[in-house]
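Scroll down for the structure; my scribbles are underneath it.
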Amino acid sequence: MVFSSISFLYYFLPLVLLLYFLAPRRAKNLVLLISSLFFYFCGEPVYLFLMIAVTFSGYLHGLWINRAKDGRYAKVSLISSIFFGVAPLLFFKYTDFAIKNINLFFKLNIPALKLALPIGISFYTFQILSYTIDVYRGNARVQKSFIDFSAYVSLFPQLIAGPIVRYTTVESELYIRTHSLKDVASGINRFIIGLSKKVLIANSLGELGDIITELNEKTVLFFWLKAISFMIQIYYDFSGYSDMAIGLGRIFGFHFPENFNYPFISKSLTEFWRRWHISLGTWFRDYIYIPLGGNRKGMAKWLRNIFIVWFLTGFWHGAEWNLIFWGLYFAVFLCFEKLFWLGLLDKIPVFLRRIYTLFFTLISFVLFNGDGLGECFYNLKGMFGFLNIPFSNSEIYYYLKSYFITLLVAAIGATPLPKTLTEHLGNHKKTKSILNIIEPAVQVSLLLLVTAYLIDGSFNPFLYFRF
């Protein structure tokens, strides 16, 4: 089950909201837990038991770490929690990758296991690790209620696609959280915005990508349109899901962290990664980069730490060499910027800095989207005219014109302009009253439009299921 489905919007979610707000305060986490387990069961019946087992392991290790704290076995308990937390992720996500490369290197023929990747395992694994590590560090109190801990791990609003919510972020709200009409209204608004981004923009651009990929005659413009549509699609797909998660969390009384902050207006790649997938970047910073020493132990170790973090960032996204290469690509650029380039960038006009960032970000998504390094380099050669193909043809111009409005709306929506304009109108009495009438009407209209798209059986994938 995904958020952008009729079954979720008109059956599952209304029933859960009814049960949740009718339940007494002490039973609310239990309602969320049962709802979340059912939500996961609808998508992954078999792997539900894996998630429960990993959750139980994290719960027991939290108790053990708390008891062993400052004792001889304190580190043993932490290492055990990390091993049992990471082992299922490594097994399901990377076993076939290891087998494929062993076969290639040693000329063997070990059969692949062909394991299906459990949905959300990359996200809930990192959430459990953040809990056990923070208990060990003394940054979080141990959770003695298995129901409350399980509700945190399996919370359906952010279970399958994040943001990665650390235990310390919602620790107090697991015990006591307030509910208000203002929060519910804010949550509904944020959810509908995210749903619209996903269905109306991301899905449309995904459809465009699929259509042009099937064209027989390739052109330079074909490769550029494919790259640009994918880059915008993945932003609206993933940020749309994050918006929906944050909105749902607000309805239930949780305040999840922001995951995107207009990354395409960045003036450097360093800034881009402070704005893109924020919860993942800060997780790697706090649990990998800083424990390795960060930038405190000399140039050589600092560079090593950056490359380790970005290797792991690429590998976290999937067991493919092009994703590892994608991570190391950013490691090289970030090191170069920090060592030489950022000072020079400050002297360059802002629009040129943004063009620089967008260009190299676009190249990175070509690496991200390829089916192996071979296809990535083929696509890059196509973009820069090394395939002996024409610049364009009538078909590409047709699809470019057909999707021009969608691309334009997507480009404007990826900037703070709509939000700034809305806030500006809301600061004046005359326009504020009009805005208060228009906003609910727009929300209802968007929900009806999304519903029509979903009933029509429109293209509705979710890219991050791949990663």
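The values are calculated or read from the model by the stated rules, or taken from the named source; none is laboratory data. Source: prediction; values computed, not measured. Positions of Cβ are backbone-derived with ideal geometry, glycine not excepted, and every protein chain shown enters the neighbour counts. Ligands, DNA and RNA are stripped out before the accessible areas are found, and what is left, the full protein with its side chains, is counted by its heavy atoms. Shrake-Rupley method; radii C 1.70, N 1.55, O 1.52, S 1.80 Å.
The table below gives the values:
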item: Verdict on residue 356 being assigned to a helix (DSSP H, G or I), out of contact with any strand residue (DSSP E or B) (no Cβ under 6 Å at 6 or more places or on another chain), over 30 Å from residue 118 (Cβ atoms) and outside the structural domain of residue 112 (by TED's automatic domain parsing); result: yes
item: Residue pairs meeting the criteria (Cβ under 6 Å; at least 6 apart or on separate chains; first in contact (Cβ under 8 Å) with a residue 40 or more places away in the chain and outside any helix (DSSP H, G or I), in the stretch 1-14; second aromatic (Phe, Trp, Tyr) and open to solvent by 50 Å² or more (accessible area, probe 1.4 Å)); result: none
item: Residues located in the stretch 288-311, provided they are touching a helix residue (DSSP H, G or I) at 6+ places or on another chain (Cβ under 7 Å) and surrounded by fewer than 19 Cβ atoms within 10 Å (Cβ to Cβ); result: 288, 292, 293, 294, 295, 303, 307, 308, 311
item: Within the stretch 19-34, tally of residues that are under 24 Å from the mean Cα position of the chain (by Cα) and open to solvent by less than 10 Å² (accessible area, probe 1.4 Å); result: 1
item: When residues of the stretch 398-420 are limited to those that are of a type in the set (A, V, I, L, M, F, W, C), part of a helix (DSSP H, G or I) and under 19 Å from residue 239 (Cβ atoms), the one most open to solvent (accessible area, probe 1.4 Å); result: 417
item: All positions within the stretch 421-433 that are in a helix (DSSP H, G or I) and polar (S, T, N, Q); result: 422, 431, 433
item: Residue match in the stretch 40-54 (condition: more than 16 Å from residue 154 (Cα to Cα), loosely packed, with under 13 Cβ neighbours inside 10 Å and assigned by TED's automatic domain parsing to the domain that holds residue 113); result: no
item: Residue that is most open to solvent (accessible area, probe 1.4 Å), among those in the stretch 63-87 that are closer than 16 Å to residue 131 by Cβ and within 26 Å of the chain's Cα centre (by Cα); result: 83
item: Pairs where the first residue, in the stretch 319-340, is in the same structural domain as residue 89 (by TED's automatic domain parsing) and outside any helix (DSSP H, G or I) and the second is modelled with pLDDT of 90 or more and open to solvent by less than 10 Å² (accessible area, probe 1.4 Å), C-beta under 7 Å, 6+ apart; result: none
item: All positions within the stretch 185-219 that are open to solvent by less than 40 Å² (accessible area, probe 1.4 Å) and β-branched (Val, Ile, Thr); result: 192, 199, 201, 212, 219
item: Long-range neighbours under 7 Å by Cβ, at least six apart or interchain, first residue in contact (Cβ under 8 Å) with a residue 12 or more places away in the chain and closer than 24 Å to residue 52 by Cβ within the stretch 103-121, second part of a loop (DSSP other than H, G, I, E, B) and of a type outside the set (Phe, Trp, Tyr); result: 118/44; 119/44; 119/160; 120/160
item: Residue 282, sole failed condition from (1) open to solvent by 10 Å² or more (accessible area, probe 1.4 Å); (2) part of a loop (DSSP other than H, G, I, E, B); (3) among the polar types (S, T, N, Q); result: (2)
item: Residue that is farthest from residue 230 (Cα to Cα), among those in the stretch 162-220 that are among the aliphatic types (A, V, I, L, M) and not in a helix (DSSP H, G or I); result: 176
item: Residue list for the stretch 96-110, filter: surrounded by 10 or more Cβ atoms within 10 Å (Cβ to Cβ) and either part of a loop (DSSP other than H, G, I, E, B) or basic (Lys, Arg) (or both); result: 100, 110
